[in-house]
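A short write-up of the structure that comes next.
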Amino acid sequence: MFNHIIFLNFNEPTIENAQKVKERFLEMPLIIDEIKGINVGVNEIPSERSCDLVLSLKFDNKEDMLLYQQNPFHLSICDFINTIKKSSYSVDYTD
């Protein structure tokens, strides 16, 4: 499996912002066939080194992840997130 993990920090780290993003992320597997697994977590213990939200996606292979990245629904979510994010980080790997 190919794993794509995103860590997000928001300009305003409110539970409302985290819930909006989580809800949008959880819609993705209903629309994007390449996604084989999803997990979204909202941070519960804020600290100077923590992130506000994590998205973990599973794909059959790297090529499917690259297709997902170009999907119009995914791009619309990115546009929304870009309006509220402070920073983001990613990790991509095969297990």
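The values are calculated or read from the model by the stated rules, or taken from the named source; none is laboratory data. Values in this document were obtained by computation on a predicted structure and should not be read as measured data. Here Cβ is always computed from backbone atoms with ideal geometry, including for glycine, and neighbour counts include all displayed protein chains. Note: areas computed on protein heavy atoms with side chains; ligands, DNA, RNA excluded. Shrake-Rupley method; radii C 1.70, N 1.55, O 1.52, S 1.80 Å.
For region 15-63, give the magnitude of the charge dipole about the Cα centre (Cβ charges: +1 Lys/Arg, -1 Asp/Glu; no others), in debye to the nearest 20.
Here the size comes out at about 80 debye.
Kindly report the accessible area of the chain per residue (heavy atoms of protein chains, probe 1.4 Å, no ligands, DNA or RNA), in Å².
Normalised by residue count, the accessible surface of the chain is 62 Å².
Among 77, 51, 19, pick out the residue whose Cα is farthest towards the positive end of the charge dipole of the chain, where Lys and Arg carry +1 and Asp and Glu carry -1 on C-beta, about the Cα centre.
51
Could you compute how fast the chain diffuses translationally, taking Rh as the Kirkwood radius over C-alpha pairs and applying Stokes-Einstein at 25 °C with viscosity 0.890 mPa s? Give it in µm² per second.
180 µm²/s
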